[in-house]
Amino acid sequence: LGRARMASVEAAAEHERILREIESTDTNCIGPTLRSVYDGQEHGLFMEKLDARIRNHDREIEKMCNHHFQGFVDSITELLKVRGEAQKLKSQVTETNRRLQDDGKDLTRSMEELQQCRVQQRNIATTIDKLTHCLPVLEMYGRLQEQMKAKRYYPALRTLEQLEQTCLPRAGQYRFCSIMAENIPRLRTQIRDTAMTQLRDFLESIRKHSDKIGETAMKQAQLQRSLDSSVSTQPRALIGRRCRKDAAAALGTESGGQGGIPVSEQDSGILDVEEDEEEEDEVPGAHDLVDFSPVYRCLHIYTVLGLRDVFENYYRKQRRKQARLVLQPHSNMHETLEGYRRYFNQIVGFFVVEDHVLHTTQGLVNRAYVEELWELALSKIVAALRTHSSYCDDPDLILDLKNLIVLFADTLQGYGFPVSQLFDMLLEMREQYGEILLKRWNITFRQVLDQDNYSPIPVSTEQEYRSYTAQFPLQDPDLDKLPFPKKLPFSEFVPKVYCQLKEFIYACLKYSEDLHLSSTEVDDMIRKSTNLLLTRTLSHCLQYGIKKKNVGLAELVQVIINTTHLEQSCHFLEEFISNITNVPPDTVNATKLYGTSTFKDARHAAEAEIYTSLNAKIDQFLQLADYDWTAPVPAGGAPAASDYLVDLIAFLRSTFSVFTNLPGKVAQTACMSACKHISTCLLQLLLDPEVRYVSMGALHQLNTDVHECESFARAGPVAGFQGDTLLLAFSDLRQLLDLFTQWDWSTYLADYGKPSCKYLRVNPNTALTLLEKMKETSKKNNVFAQFRKTDRDRQKLIDTIIKQLRNLIAQHQT
């Protein structure tokens with residue numbers, strides 16, 4: 001019971017709380033409170049309490065209404081009054097509303113129209129906004145199509161990139177946008193392939209036009225070199241820039257009408273543009289030959305496509321292939337200078353293009369790549385030139401080739417390529433050039449020799465005389481004083497040879513020009529070459545001229561006179577070389593000319609040839625000798641001289657009269673040599689083994705001939721001999737003949753070996769040989785000699801002398 005009471009108290013308290021909550025809570029939140037009542041078991045009791053609470057509140061309301069009733073009645077009365085007024089007001093409002101509605105119909109219609117306009121305006125604004133995003137896409141795509149049609153692929157690629165990354169995302173999801181997006185990869189591929197095709201066309205174009213590009217660059221270098229030589233103050237460093245500028249003209253690029261092309265592409269044809277204002281008068285380049293825009297365009301396109309490495313590798317590979325083709329010379333290149341020129345033009349054109357690409361692109365080719373190509377090219381060029389120039393035997397072609405190589409080297413040096421190997425090769429070629437010059441001058445000297453008349457040059461006027469002295473430095477005051485007409489001592493050979501020597505020196509100098517050599521080096525090279533010309537070529541030609549079969553004594557005499565004058569002119573050649581090289585002849589270590597020794601050797605050879613020829617001529621006369629070795633002693637006194645000997649003496653007199661212009665020693669030596677040769681030959685005739693018998697009559701005839709020779713010697717055919725010096729040539733033969741003709745054996749045998757011996761020059765062996773021949777003659781001619789006492793006594797005497805001579809010979813041998 002207690003628990004029931006407690007539960008009832010708790011329920012009552014809970015109901016009271018719920019009632020208070022209902023009274024104080026917003027009706028919107030009363031649901032949970034009522035639910036808690038229905039969830040409990042005492043909702044009947046709660047309803048009773050609720051009714052009691054309602055009644056309680058009704059009583060309070062009633063009390064309050066009773067308290068305020070009069071005021072309520074008054075309010076109702078006032079309200080009724082107000083109702084009448086309200087009816088009036090309502091009528092007025094209704095009328096006003098009717099009038100307002102009538103008046104507002106037009107406004108409503110206008111508002112509806114305005115609303116429709118606003119909707120249309122919003123739609124238009126939306127459309128404009130969408131078109132604002134779509135029209136750039138369409139415009140850009142149209143521009144893309146125009147650029148593709150105009151083959152402006154790099155701007156097209158840029159347009160394509162902008163279309164893909166900017167315009168299409170802004171435009172939204174439209175069908176045409178999807179179609180465009182699908183076409184973008186295909187267009188990129190088309191642009192890439194087209195650019196590559198244009199690059200191939202470009203490579204083919206520069207391969208074809210390398211010749212013209214190189215020719216233009218070399219012409220410009222040649223013009224620059226001419227300007228530098230005339231205006232020595234101009235810095236040489238400008239050569240490279242000017243060459244590049246001209247090459248830029250030759251390599252001219254697209255400009256104008258290419259609005260989307262990048263700056264590097266538009267300006268790619270300009271090399272060293274900072275000099276362009278002052279170069280207006282240069283040689284115009286072949287600016288319409290090569291258009292470089294394809295390579296720049298392709299480079300930019302591949303860069304944008306992320307394929308720059310692929311493009312660089314392809315370009316370099318193709319250019320290496322072209323380099324190998326350019327560096328391969330034609331098999332007949334050595335035949336003409338034009339062949340070498342085309343070869344050099346192509347190489348210069350190739351490297352001008354590479355240098356142009358190097359300076360107008362960023363990394364397509366680099367300095368290391370170009371230098372590697374040049375190293376390869378330089379080795380092949382040098383090898384090709386060595387091979388082909390070795391076939392050349394024309395010095396003019398070699399000289400033209402040298403000038404062309406120098407121009408080639410200067411042109412490439414202007415672009416910064418090292419060319420020292422080319423100049424080293426030119427120094428090697430100089431040896432070949434020198435050999436070819438020697439061969440040509442060998443032919444020239446021989447022609448001069450063959451055409452020479454070996455006669456002194458007659459001059460009849462002062463003008464002629466000055467003409468010859470201008471060709472050859474003749475300094476002869478005595479000759480100058482002689483009246484005209486007169487003769488120069490030398491023949492035409494001398495001035496012609498001297499002029500040819502100077503021409504050779506000029507030819508050597510021409511090769512040494514522009515090789516960047518010092519004056520001393522040029523002077524040394526010229527002197528060494530001239531020495532080779534003198535010691536080898538001219539010396540051999542002089543020997544050839546001296547040894548020719550048809551050269552007589554008069555010609556040999558003239559050769560000696562000629563070589564003497566040429567020898568005297570050697571110091572003038574020294575001065576000539578010094579003047580053209582500006583190197584004093586007394587410079588330390590300066591090479592001296594060997595001309596003096598060359599002409600001395602030639603003169604000595606001519607002298608020896610004179611001696612030989614003179615002796616040969618004497619031999620020809622002696623071959624006519626026809627002695628009767630068994631002739632008896634003439635009864636009517638001394639016999640007459642032999643005819644051949646008379647002719648020989650006459651010949652010698654006429655010959656030695658020509659020797660008057662020779663140096664004295666030469667004429668004296670020739671005369672002494674001739675006399676000795678006559679004496680020796682006569683003695684050999686006497687002692688010839690084929691002559692078995694010699695009679696006293698034959699000895700008398702020979703003695704007469706020797707007397708004739710001695711008379712010739714005493715007459716002094718050549719000036720300069722002292723006393724009877726020339727007679728000494730016949731002393732051996734004279735003493736031998738005197739011994740036999742005078743039969744002075746007692747004196748010979750008694751005084752033999754003494755310095756004062758009368759027959760000092762008679763050799764006992766010679767005397768024995770001749771005596772034995774006389775013994776045989778006596779036996780032959782005196783068959784009955786045993787029957788005549790005088791003959792028997794003579795025979796015994798001869799035997800006795802022979803025996804004594806043999807003993808004498810034996811004594812001296814021991």
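The values are calculated or read from the model by the stated rules, or taken from the named source; none is laboratory data. None of the values given here were measured: they were computed from a predicted structure. Counting neighbours? That spans all protein chains shown, and the Cβs are built from the backbone with ideal geometry, glycine included.
Here are some notes:
- Within the option set T94, T132, T194, being surrounded by 15 or more Cβ atoms within 10 Å (Cβ to Cβ) and polar (S, T, N, Q) holds for one residue only, T194.
- Test: residue in segment 379-388 that is crowded, with 18+ Cβ neighbours inside 10 Å and either closer than 19 Å to F292 by Cβ or without any contact (Cβ under 8 Å) to a residue 40 or more places away in the chain (or both): no
- For N562, the requirement of being under 30 Å from K487 (Cβ atoms), buried (at least 20 other Cβ atoms within 10 Å of the Cβ) and touching a residue at least 40 places away in the same chain (Cβ under 8 Å) is met.
- Subset tally (residues that are in a helix (DSSP H, G or I) and crowded, with 20+ Cβ neighbours inside 10 Å) for segment 680-699: 4
- R207 being farther than 15 Å from A156 by Cα and not aliphatic (A, V, I, L, M): yes
- Selection within segment 414-424 - part of a helix (DSSP H, G or I) and surrounded by fewer than 20 Cβ atoms within 10 Å (Cβ to Cβ): S420, Q421, F423, D424
- Members of segment 628-660 that are touching a helix residue (DSSP H, G or I) at 6+ places or on another chain (Cβ under 7 Å) and either among the charged types (D, E, K, R) or assigned by TED's automatic domain parsing to the domain that holds V557 (or both): D628, D647
- The residues listed here are M140, M111; of these, the one that is in contact with a Ser or Thr (Cβ under 7 Å, 6 or more places away or on another chain) and either exposed (fewer than 11 other Cβ atoms within 10 Å of the Cβ) or outside the structural domain of V304 (by TED's automatic domain parsing) (or both) is M140.
- The residues listed here are E215, E254; of these, the one that is in the same structural domain as V304 (by TED's automatic domain parsing), modelled with pLDDT under 50 and acidic (D, E) is E254.
- Of the criteria (1) of a type in the set (S, T, Y); (2) in a helix (DSSP H, G or I); (3) modelled with pLDDT of 75 or more, which one Y759 fails: (2)
- Annotation: L474 fulfils all but one of (1) surrounded by fewer than 16 Cβ atoms within 10 Å (Cβ to Cβ); (2) in contact with a helix residue (DSSP H, G or I) (Cβ under 9 Å, 6 or more places away or on another chain); (3) within 22 Å of F572 (Cα to Cα); (4) at pLDDT below 85; the unmet one is (1).
- Filtered by the rule that a residue be in contact (Cβ under 8 Å) with a residue 24 or more places away in the chain and either outside any helix (DSSP H, G or I) or among the aromatic types (F, W, Y) (or both), segment 716-744 gives P717, V718, A719, G720, F721, F730, F740.
- Within segment 2-22, being without any contact (Cβ under 8 Å) to a residue 24 or more places away in the chain, closer than 13 Å to L50 by Cβ and not basic (K, R) holds for E21, I22.
- Scanning segment 326-349 for residues that are closer than 16 Å to L422 by Cβ and not polar (S, T, N, Q) yields a total of 8.
- Of the helices (runs of 4 or more DSSP H) contained entirely in segment 426-541, those carrying at least 2 residues that are closer than 22 Å to N579 by Cα fall at 462-471, 493-512, 519-532.
- Residues of segment 307-335 satisfying the condition of being small (G, A, S) and at pLDDT below 85: S331
- Qualifying residue in segment 41-62 (condition: outside any helix (DSSP H, G or I) and β-branched (V, I, T)): no
- Filtered residue count, segment 295-326, keeping only those that are crowded, with 21+ Cβ neighbours inside 10 Å and within 18 Å of K151 (Cα to Cα): 8
- Candidate set from segment 20-78 (those that are within 25 Å of E10 (Cα to Cα) and aromatic (F, W, Y)); member that is surrounded by the fewest Cβ atoms within 10 Å (Cβ to Cβ): Y38
- Test: S578 is among the small types (G, A, S) and under 20 Å from K528 (Cβ atoms): yes
- Segment 159-177: number of residues that are out of contact with any helix residue (DSSP H, G or I) (no Cβ under 9 Å at 6 or more places or on another chain) and either assigned by TED's automatic domain parsing to the domain that holds H133 or among the polar types (S, T, N, Q) (or both): 2
- Taken over segment 144-170, residues that are over 17 Å from I301 (Cα atoms) and crowded, with 21+ Cβ neighbours inside 10 Å amount to 2.
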